[in-house]
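These notes are about the structure you will find just below.
The values are calculated or read from the model by the stated rules, or taken from the named source; none is laboratory data. Note that the structure is predicted; figures quoted are calculated from it, not measured. Every residue, glycine among them, receives a Cβ derived from its backbone with ideal geometry; neighbour counts consider all protein chains shown. Surface accessibility is based on the protein's heavy atoms, side chains included, excluding ligands, DNA and RNA. Shrake-Rupley method; radii C 1.70, N 1.55, O 1.52, S 1.80 Å.
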Amino acid sequence: MLVFRTIFKRYILSNSKVILLLKVKKITLKKAEVSLVAEMIKKSEYLVVFTGAGISTESGLADFRGKNGLWTRRDKGLPPPKSKHFDEVEPNHAHLALVELQNQGKMKFLISQNVDNLHLQSGIKTNLISELHGNYKFIKCLECDSRFSRDEVGWIRDIHGRGSRKEPQQPNQPICEKCQGRLISSVVDFNDPMPEKEVELAKYHCFECDLMIVIGSSLSVFPAAKYPKLAKDNGAKLIIINIDPTRLDHLADLNIKAKAGEFLLKLMQELENM
Ligand SMILES: [Zn+2]
């Protein structure tokens, strides 16, 4: 909470600079949109947020399907975009806004496609998030499904490898201290099964929510992207905040074409003044 407030005040102080920057980038944060989202959050009794790689681009990580995304460039035959390593980045305004909404009891649950650990690092509680594609910081047991940090089990990437499910188990790799089962990376690779517990939790909260806000996802990766649709089909309102068009724009009650951090900063300011 303190962290957010500090940043928030800094933002107010440099308000004119930010507005100038936005004009240069031709991104307009429409006041009406900010107010509308704030109103919808205020009325909501069960807000669930769904995030994709776009929420982390302002932290310096590349996304997948954005204009300069990993897959967009690959499809054009271009080399990968410049991106920092997960270890080098910090949560941005959007991550911190979600922590604030969680601490206020407004956001009941967070579903994320990201493996960058920025949600947990920013202060999201582990029991309030489903990381559908895993988290690069964690290793899990193939037998009992326990999750450990890599540091906790002494997993050193240069010695023990990535721990991919598809690679054969190496004799020197650490094993589960609870059941002696095989440990693998918690990150879900292509064609790997989705983590059962995370999927069930995500589904449960999609049925419970009356408002779902998607942030920074092109919603093109299935089955993960089916969750916003599930929420909408069950009567929830759907807001999509993404700089580029998404596959589910036609279903959304509100489409906001903005950068996540910039928009959420304005939104939190609006909510505080309401
Ligand atoms: Zn185990």
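Relative to the 2.2 N^0.38 Å rule of thumb, the chain has a C-alpha radius of gyration ratio of 1.03.
Loop-only check: which GluC sites (Glu not before Pro) in the stretch 152-231 are DSSP coil with at most 14 other Cβ within 10 angstrom?
Details: sites: Glu152, Glu177, Glu196, Glu198, Glu200, Glu208; in loops: Glu177.
When the GluC sites (Glu not before Pro) of the stretch 152-231 are filtered for loop state and at most 14 Cβ neighbours within 10 Å, Glu177 remain.
Take every pair of alpha-carbon atoms less than 8 Å apart whose residues are at least six positions apart; their mean separation over the length of the stretch 131-232 yields a relative contact order of 29 percent. Each Lys and Arg adds +1 at its Cβ and each Asp and Glu adds -1 at its Cβ; summed about the Cα centre, the chain shows a dipole of about 940 debye.
Using a probe of 1.4 angstrom and keeping all protein chains present, the accessible surface of the chain works out to 52 square angstrom per residue. Tell me the net charge near Leu267. Cut-off is 13 Å between Cβ atoms, Leu267 excluded, with +1 for each Lys or Arg and -1 for each Asp or Glu. Net charge in that neighbourhood comes out at 0.
Considering the dipole of the chain built from charges on the beta carbon (Lys and Arg +1, Asp and Glu -1) around the Cα centre, which of Leu98, Val199, Ala252 is farthest to its positive end? Positive-most Cα among the choices belongs to Ala252. Taking only the Cα atoms of the stretch 135-265, the ratio Rg/Rh comes out at 1.09, with Rh defined as the Kirkwood radius.
Phi angles across the stretch 119-126 convert, under the Karplus curve 6.51 cos²θ - 1.76 cosθ + 1.60 with θ = phi - 60°, into 3J(HN,Hα) values of 5, 5, 4, 7, x, 6, 6, 4 Hz, Gly and Pro given as x. Largest mean-square fluctuation among Pro168, Pro91, Pro81, in a Gaussian network model of the chain whose springs join Cα atoms under 10 Å apart, belongs to Pro168. A dipole drawn for the chain from +1 and -1 charges on Cβ atoms has a positive end, and of Thr126, Ser149, Ile241 the residue lying farthest that way is Ile241. Look at the alpha carbon pairs under 8 Å that are at least 6 residues apart: their mean separation over the length of the chain gives a relative contact order of 22 percent.
Could you grab the relative contact order for the stretch 137-183? Cα pairs under 8 Å, six or more apart, rounded to a whole percent. Contact order relative to length: 43 percent. Round to a whole number: what % of the accessible area of the chain belongs to carbon and sulfur, probe 1.4 Å? The nonpolar share, carbon plus sulfur, comes to 55 percent.
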